[in-house]
1. Only one of these conditions is not met by residue 57: (1) out of contact with any helix residue (DSSP H, G or I) (no Cβ under 9 Å at 6 or more places or on another chain); (2) at pLDDT below 90; (3) over 19 Å from residue 14 (Cα atoms). Which number is it?
2. From (1) surrounded by fewer than 20 Cβ atoms within 10 Å (Cβ to Cβ); (2) outside any helix (DSSP H, G or I), pick out the condition that doesn't hold for residue 43.
3. For the subset of segment 150-161 comprising residues that are without any contact (Cβ under 8 Å) to a residue 12 or more places away in the chain and closer than 18 Å to residue 116 by Cα, which member is surrounded by the fewest Cβ atoms within 10 Å (Cβ to Cβ)?
4. How about segment 171-187: which of its residues are assigned to a helix (DSSP H, G or I) and surrounded by fewer than 21 Cβ atoms within 10 Å (Cβ to Cβ)?
5. Within segment 63-84, is even one residue surrounded by 16 or more Cβ atoms within 10 Å (Cβ to Cβ), touching a residue at least 24 places away in the same chain (Cβ under 8 Å), under 18 Å from residue 17 (Cα atoms) and in contact with a strand residue (DSSP E or B) (Cβ under 6 Å, 6 or more places away or on another chain)?
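The values are calculated or read from the model by the stated rules, or taken from the named source; none is laboratory data. Computed from a predicted structure; not experimentally measured. Heads up, the Cβs are rebuilt from the backbone with ideal geometry, glycines too, and the neighbour counts pull from every protein chain shown.
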C-alpha cells in the first residue's frame, strides 16, 4: 500500500469498526450496492495509540482526531439508534471500557492478508453493534478469527511489527487523502463524507449521475427515544 492515494484514480473508503456510521454505510453498500463494495479498496482508520501518535508526529502527520465532547457523544447515541430504528435494525450499544482500536483494526489487516478482510469486518460489526461486545478485548477478536477459520492469534496482531507498519501506512494514507472522519469515500480526488453520501459515491464509481438523494432514512416513521436513553445505551 502506498502512502499517497491522491495519485491513484481507484475508488476507496476509509472505515472504522468503532463508528456506527461506518456500520450504516457498510450495511447499505452490502445490501444495496455489493458490486461497488467488491471493487473498492478498504482502508481502516482509527484513533491512534500513543506509539502511533509519536510515529505520526515524527513523520509530520497530524490526524484530525480529538476527544469527543459528551454532548456530541449523546447526540450520536440518539441519532444512531434513530437511524437503526428507521431501518428496522436492532442495535446494542457497546460499552468501551478501555478503548484500544489497534486491536481490532490491525487484526483486520491480518485477516485481509489471508483473504478474509471483508468477512472479518462483517463479523466485527455484528459483534459490536448486534451483541455489544468490546472489540478491544483480544478474546472477542480471537472468537471472530475462530469463526472464520483463522488462527485466533490474529488477536495479537497489535504486537506484530510488520502489521503495525501496515497500520501506519493506512493512517498516513488517510492524512494524505484529507480524511477527517468516517466513513470517508474517494474516487480520484472527489471525496464523500458520511453514511448519507453512499449513494453519491456509488454513482461516481459507476460513472452515473447522482440523483441528489441521500441514503439517510429521512422518510422513516417517527422515533421517540426512551426518557433514560443517555443512561441505558
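1. That leaves (2) as the condition not met.
2. (1)
3. Here the answer is 151.
4. 175, 176
5. no
Let's see how each residue does on (1) modelled with pLDDT under 95; (2) more than 19 Å from the chain's Cα centre (by Cα); (3) more than 20 Å from residue 99 (Cα to Cα):
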| residue | (1), (2), (3) |
| --- | --- |
| 135 | no, no, no |
| 143 | no, yes, no |
| 151 | no, yes, yes |
| 158 | no, no, no |
| 171 | no, no, no |
| 177 | no, no, yes |
| 205 | no, yes, yes |
| 215 | yes, no, yes |
| 219 | yes, yes, yes |
